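Report on the following structure.
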Amino acid sequence: MKKQKIHLIVGARPNFMKMAPLYKEFTKYPEEFELKLIHTGQHYDERMSKFFFDDLQMPVPDEYLEVGSGSHGQQTARIMERYEEVLLKDKPDLVIVAGDVNSTSACAIDAVKLHIPVAHLEAGLRSFARTMPEEINRILTDAISDYLLTPSPDGDENLLQEGVPKEKIFFVGNIMIDSLVQYREKARQSKILEELKIENQDYALITLHRPSNVDSEKGLLIILNAFAEISQKIKLVFPIHPRTRKQIAVFGLEEKVKNMPNLILTEPVGYYDFLKLQMEAKFILTDSGGIQEESTYFGIPCLTLRPQTERPITIWEGTNKLVKLETDDIIKEAKNILDGNIKKGKIPKYWDGKTAERVVKIFRIK
Ligand code: UD1
Ligand code: UDP
């Protein structure tokens, strides 16, 4: 029997926790599948990449394309040029991409043009905001993929609305939660609270990196002014994304950040430490996609600093709430939680740690 040769693509931080469980599940069937892990190098700092290979027990990538940072056009073009060479040499039977980053759409386009089938993990999500680069990546990838693997039923509905035949759509559940379930116990043992000198429930956790929030001085000031006020009431732990650190420097706002006594600024932290910080937080304030989902799983209130989300199930069923980019709105919502008005939620269907199993079943010889 000829083995199926499969490429698994990773590039940026949120890809690693989505691909790790799939990699492990495929390796249970060595007689059926030959795997290659391809890292585009979109994220390259140790803390944005290598830390996750360690925590998620992933092997060194078979190919590292070293594309680095650049404008959208530059980065996408570099990925396409370099990955195409790998495809021509290696000729896989299937390429699996995840999420909505530039590495996702660039590798998918390369593969389909060489008539290689593509599977998209986390298909069907839509924010309906085409100003977000991620929305363009989602639409492009879904339009050309052969297998659309959705995390929640709204994903199926969006795809059907767009005219995708239902035979291509597979509701498999949320693969990020597979990693969370697998490593939850390790995360519980993390010493990050002691390291940062904080305690369970005495802090709020923050992450920020959306261009719409951090690439303009006005947006950043709106948010930082809210932090200054909220930090009078509760400590704020802020593992800062490299994009955001850079923008704070560009706008000369470093002093403002440093002068907030209750704001604990750290480098991006590893996966176990970040899960621990989430599960013990009073609440989370973020613009991340994945953190909206993880906080819903943990049942921790999440304020999402965005006008819309491609993950509405975290609002309908989970603990997530959208907040307008206005200083007063951010302060009001944070105080609301501190006053004890906590949104309760439930865990959505198939966010159960078994998504990788459901995915691999699709590709096993029937
Ligand atoms: C990317 C994704 C975004 C995802 C985020 C997760 C796209 C279009 N965006 O955004 O969807 O939510 O990753 O974290 O794919 N940088 C470093 N070190 C690194 C990586 C980046 O310093 O290891 C800095 C560089 O200055 C770079 C900037 O961060 O220009 C932005 O990086 P980029 O990958 O273009 O976008 P992200 O904002 O990270
Ligand atoms: N994360 C992490 N350390 C951090 C910040 C985030 O391990 O300092 C994890 C988080 O738990 C989640 C993923 O990174 O699993 C989310 O990635 P990110 O917010 O960068 O991207 P997005 O989901 O917005 O695309």
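The values are calculated or read from the model by the stated rules, or taken from the named source; none is laboratory data. None of the values given here were measured: they were computed from a predicted structure. Cβ: placed from backbone, ideal geometry, glycine included. Neighbour counts: every protein chain shown. Note: accessible area is taken over every heavy atom of the protein model, side chains too, but ligands, DNA and RNA are not part of it. Shrake-Rupley method; radii C 1.70, N 1.55, O 1.52, S 1.80 Å.
Assorted remarks:
- Taken together, the residues in the range 324-366 that are free of Cβ contacts under 8 Å to residues at least 24 places away in the same chain and within 23 Å of the chain's Cα centre (by Cα) amount to 1.
- Filtered residue count, the range 133-150, keeping only those that are open to solvent by 20 Å² or more (accessible area, probe 1.4 Å) and in contact with a helix residue (DSSP H, G or I) (Cβ under 8 Å, 6 or more places away or on another chain): 7
- Checking 125, 149, 180 one by one, the residue that is assigned to a loop (DSSP other than H, G, I, E, B) and at pLDDT 95 or above is 125 and no other.
- Selection over the range 324-366 of residues that are under 28 Å from residue 28 (Cα atoms), in a helix (DSSP H, G or I) and not aromatic (Phe, Trp, Tyr) gives a count of 8.
- Answer from 129, 123, 106 - the residue that is surrounded by fewer than 24 Cβ atoms within 10 Å (Cβ to Cβ) and either over 17 Å from residue 159 (Cβ atoms) or under 18 Å from the mean Cα position of the chain (by Cα) (or both): 129
- Taken over the range 50-82, the residue count meeting the criterion of being within 13 Å of ligand 1 (Cβ to nearest atom), closer than 20 Å to residue 179 by Cα and open to solvent by less than 10 Å² (accessible area, probe 1.4 Å) is 1.
- When residues of the range 200-222 are limited to those that are touching a residue at least 40 places away in the same chain (Cβ under 8 Å) and among the charged types (D, E, K, R), the one farthest from ligand 1 (Cβ to nearest atom): 202
- Screening residue 104 with (1) within 12 Å of ligand 2 (Cβ to nearest atom); (2) assigned to a loop (DSSP other than H, G, I, E, B); (3) in contact with a strand residue (DSSP E or B) (Cβ under 6 Å, 6 or more places away or on another chain) gives one miss only, at (2).
- Pairs with Cβ under 8 Å, 6+ apart, first in the range 223-239 and under 14 Å from residue 324 (Cα atoms), second in a helix (DSSP H, G or I) and of a type in the set (Gly, Ala, Ser): 226/334
- For the range 83-100, residues that are buried (at least 24 other Cβ atoms within 10 Å of the Cβ) and under 26 Å from residue 358 (Cβ atoms) total 6.
- Scope the range 243-265; condition open to solvent by less than 70 Å² (accessible area, probe 1.4 Å), under 18 Å from residue 205 (Cβ atoms) and within 11 Å of ligand 1 (Cβ to nearest atom); matching residues: 244
- Any chance residue 18 is in a helix (DSSP H, G or I), in contact with a strand residue (DSSP E or B) (Cβ under 6 Å, 6 or more places away or on another chain) and either within 12 Å of ligand 2 (Cβ to nearest atom) or not hydroxyl-bearing (Ser, Thr, Tyr) (or both): yes
- Summed over the range 1-15, the residues that are open to solvent by less than 30 Å² (accessible area, probe 1.4 Å) and either part of a helix (DSSP H, G or I) or within 16 Å of ligand 1 (Cβ to nearest atom) (or both) give a count of 5.
- Which listed residue, of 29, 44, 23, is of a type in the set (Phe, Trp, Tyr), surrounded by fewer than 21 Cβ atoms within 10 Å (Cβ to Cβ) and within 13 Å of ligand 1 (Cβ to nearest atom): 44
- Considering 278, 292, the condition of being buried (at least 22 other Cβ atoms within 10 Å of the Cβ) and either part of a strand (DSSP E or B) or of a type outside the set (Val, Ile, Thr) (or both) is satisfied by 292 alone.
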